[in-house]
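Only one structure is covered here, and it is reproduced in the block below.
Here, each number is a calculation from the coordinates, and none is a lab measurement. What you are looking at is a predicted structure, and each value in this text was computed from that prediction instead of being measured. Heads up, the Cβs are rebuilt from the backbone with ideal geometry, glycines too, and the neighbour counts pull from every protein chain shown.
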Amino acid sequence: MTKRLAKPSLSHPFGNDSLGRCLFSRVIAGARYSLGSGLIVVVVSSVVGVCIGLFSGYFGGLIDELFMRVTDVFFAFPDIVLAMALAGIMGPGTTTMIFALSTTTWMRYARVVRAIALKTKQRDYVKAAKLFQVSGIRIIFHHILPPAIPAVWAMITLGMAKAILAVSALGFLGFGVSPPSPEWGTLLLDGKDYILSAPHMAFFPGMVIFVTVFTLNILGDRLAQSRLFMTERYDS
């Protein structure tokens, strides 16, 4: 407690929090919650969205109509508002937060992959596979999925940045990881009461979130640009 709210120093680069704990160590430890939760959200939502997009785009008809109407319903609500509603109903916690965010982020993957599937299934090699009575599942995963992978990778990178922001936002609002877990949003919540007397408590967690999200967005933009090259290769 002697180092309570101590300013940044060589021994404690981010300073100390209200209980005298090293803020740098807590930010590093909090990466497990923020990055880990964001990664799980992206993996779950991308797998669900890609599968729905593939089946919807390839089979069409009633399946496509059903999936797209469900997608429209989810698109009608802002992601964070719907996630807060689900977290409020189920109660705060890591599992609840991951479920809520995964439930509200799969639609973009489904829409993009569906569009690619609708285009790819008109290719000659897909029509030839149908003539040889290749199963629909095999066609989907061996011929329809590969052209969609570059777009999915770009969306995963950008989705990871958005997921980290959402995880931090839910933590800051009290719907995410419960204290004293050092999740980045929770650290911001702890620091808001000391914004004038000890601004470093909120500044450094916020800066870490900013740098992480900015880096992932830049990487996502690069992948999106490379996707154009990959798409041209599959189209040729």
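Only Cα pairs within less than 10 Å get springs; with that Gaussian network setup on the chain, which residue of L216, L19, L187 has the largest fluctuation?
Among L216, L19, L187, the largest mean-square fluctuation in the Gaussian network model of the chain belongs to L19.
GNM, the chain, Cα, under 10 Å: largest mean-square fluctuation among L66, L189, L173?
Of L66, L189, L173, the Gaussian network model singles out L66 as fluctuating most.
Residue-wise, which Karplus ³J(HN,Hα) couplings in Hz belong to the range 22-29, taking 6.51 cos²θ - 1.76 cosθ + 1.60, θ = phi - 60°, and x for glycine or proline?
For the range 22-29, the Karplus-derived couplings read 5, 5, 4, 5, 5, 5, 4, 5 Hz, x marking Gly and Pro.
Using Cα springs under 10 Å in a Gaussian network model of the chain, which residue among L165, L219, L39 shows the largest mean-square fluctuation?
Answer for the Gaussian network model of the chain: L219.
Across the range 112-169, what fraction of all alpha-carbon pairs, as a whole percent, falls in each successive 5 Å bin from zero upward?
P(r) over the range 112-169, rounded to whole percents: 4, 18, 22, 17, 12, 9, 8, 5, 4, 2, 0.
Straight-line reach only, C-alpha to C-alpha below 29 angstrom: list the lysines that K130 could link to, leaving out same-chain residues fewer than 8 apart.
By straight Cα distance, K130 reaches K119, K121.
List the lysines whose Cα lies under 26 Å from the Cα of K7, skipping any in the same chain that are fewer than 8 positions away.
Straight-line reach from K7, under 26 Å: K192.
Mind grabbing the base-10 log of I(q)/I(0) for the range 65-147 at q = 0.15, 0.17, 0.22 Å⁻¹? Debye formula, identical points on the C-alpha positions, no solvent, two decimal places.
With one equal scatterer per Cα and no solvent, log10 I(q)/I(0) is -0.68, -0.76, -0.96.
Treating the chain as a set of equal point scatterers at the Cα positions, no solvent, please give the Debye-formula log₁₀ I(q)/I(0) at q = 0.09, 0.16 Å⁻¹.
-0.48, -1.06
For the chain, with only Lys/Arg (+1) and Asp/Glu (-1) charged at the beta-carbon, what is the dipole magnitude about the Cα centre, in debye rounded to 20? Don't skip to the answer; put the middle values down first.
On the way: 21 positive and 12 negative charges, 82 e Å.
Roughly 400 debye for the chain.
From Cα coordinates alone, what are the radius of gyration and Dmax values for the range 1-94 in angstrom?
Just the Cα atoms of the range 1-94 yield Rg and Dmax of 21.6, 69 Å.
Pairs of alpha-carbon atoms within less than 8 angstrom and 6+ residues apart define the contacts here; what relative contact order does the chain have, in percent? Please list the in-between numbers first.
On the way: 328 pairs, mean separation 57.6, N = 236.
Once divided by the residue count of the chain, the mean separation gives 24 percent.
Which angle between 0 and 90 degrees, to the nearest 10, do you get for helix 149-173 versus the longest principal axis of the chain when only C-alpha atoms count?
For helix 149-173, the angle is close to 30 degrees.
Which translational diffusion coefficient, to the nearest whole µm²/s, is obtained for the range 125-215 from the Stokes-Einstein equation, given a Kirkwood hydrodynamic radius over C-alpha pairs, 20 °C and 1.002 mPa s? Please report the intermediate quantities before stating the final value.
On the way: Rh = 16.2 Å.
Rounded, D is 132 µm²/s.
Subtracting the Cα-Cα distance from 0.36 nm times the residue separation, let me have the gained length for S11 to R32 in nm, one decimal.
On the way: separation 21, 0.36 × 21 = 7.56 nm, distance 2.26 nm.
Fully extending the segment from S11 to R32 adds 5.3 nm.
Contact order normalised by length for the range 1-107, with contacts defined as Cα pairs under 8 Å and 6 or more residues apart; what percent is it?
Working: 92 pairs, mean separation 22.5, N = 107.
With pairs under 8 Å counted, the relative contact order is 21 percent.
Can you show me the helix-derived [θ] at 222 nm for the chain, built from DSSP H runs with n ≥ 4 at -39,500 (n - 2.57) apiece and divided by the number of residues, rounded to the nearest 500. Could the numbers behind the result be given before it?
Details: 10 runs with 169 residues, N = 236.
My calculation for the chain gives -24000 deg cm²/dmol from helical runs alone.
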